[in-house]
Amino acid sequence: GMSLAEFVYPALQAYDFLHLHRRRGCRIQLGGADQMGNIMSGYELVTKMTGTDVFGITVPLITSTTGDKLGKTAGNAVWLNRDKTSPFELYQFFVRQQDDIVEKYLKLFTFLPLEEIAHIMEMHAKEPEKWGPQKRLAAEVTKLVHGTEGLESAKRCTRALYYSSVEALEAMSDQELQELFKQAPSAELVLEPGMSVLDLCRKANAIQDGPSGYQKITDGGVSVNGIRVTNPETVLILGQHILKNGVSLLRVGKKNYYIIKWLQL
């Protein structure tokens, strides 16, 4: 069966084009390749009703590695708005692209000369482990969308998360921390004299009370700012466990992060 909305969609989109043309002087409609029929309907309606030359432009659909369409409807859209897709997320989306699609994306999403793209792919064939095309694609697109500051932000987040860079963590703003660890709980604590890693974990509700939480640390399951701690009684040290920006990044297990903001340092 076909719903009424789906059946009349081409007519509604065609009228939308006519309305925008009359009210706003719109003469071009842009859409994905799957919108060709709807755009043609609008072209025919506007030209017949007004006698004005209007135009339609379609662009290749961007699909996932499984061939599924990317977009709002599919629930996997990549946004230009930083509030919806951070520079780090945008950067990582393009870094993770497969070899068989990255050359096409370099041609679609960057202004690099075709000769340079060809050279990048030649170098990639010799050194595929360096992921050169993916990194260049991610850098070019992130810089285009978010500027140089956005690209630097994405690189800082990458170094902090995947390379445990203390320097990158110290340079991160509160906004970057929230973007990088969206699901991570945060806590504001006051540093007390002699406060230990065990105390920190318990105050942040990161481990269970009792022997199991203690053993979690001794087994090597806890790290602070990328440094593994195996002695629960280790006293917190400024500059090591607490960074210059007054933040500690606590990790319990492989994926459980906690952002600690220290007050009254």
Task: Qualifying residue in the stretch 205-214 (condition: in contact with a helix residue (DSSP H, G or I) (Cβ under 6 Å, 6 or more places away or on another chain) and of a type outside the set (Lys, Arg)) - done: yes
- [ ] Within the stretch 163-200, work out how many residues are surrounded by 14 or more Cβ atoms within 10 Å (Cβ to Cβ) and either hydrophobic (A, V, I, L, M, F, W, C) or touching a helix residue (DSSP H, G or I) at 6+ places or on another chain (Cβ under 7 Å) (or both).
- [x] 19
Task: Residues that are within 21 Å of residue 149 (Cβ to Cβ) and open to solvent by 60 Å² or more (accessible area, probe 1.4 Å), drawn from the stretch 105-124 - done: 109, 111
- [ ] Scan the helices (runs of 4 or more DSSP H) fully inside the stretch 1-104 and keep the ones with 1 or more residues being farther than 16 Å from residue 137 by Cβ and either open to solvent by 60 Å² or more (accessible area, probe 1.4 Å) or among the charged types (D, E, K, R) (or both).
- [x] 4-24, 36-50
Task: Residues of the stretch 208-235 satisfying the condition of being under 24 Å from residue 178 (Cβ atoms), open to solvent by 20 Å² or more (accessible area, probe 1.4 Å) and more than 23 Å from the chain's Cα centre (by Cα) - done: 227
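The values are calculated or read from the model by the stated rules, or taken from the named source; none is laboratory data. Treat the numbers as computed from the prediction; the structure is a model and nothing was measured. All Cβ positions, even for glycine, are placed from backbone atoms using ideal geometry, and neighbour counts span all protein chains on display. In case anyone asks, the SASA skips ligands and DNA or RNA and just uses the protein heavy atoms, side chains included. Shrake-Rupley method; radii C 1.70, N 1.55, O 1.52, S 1.80 Å.
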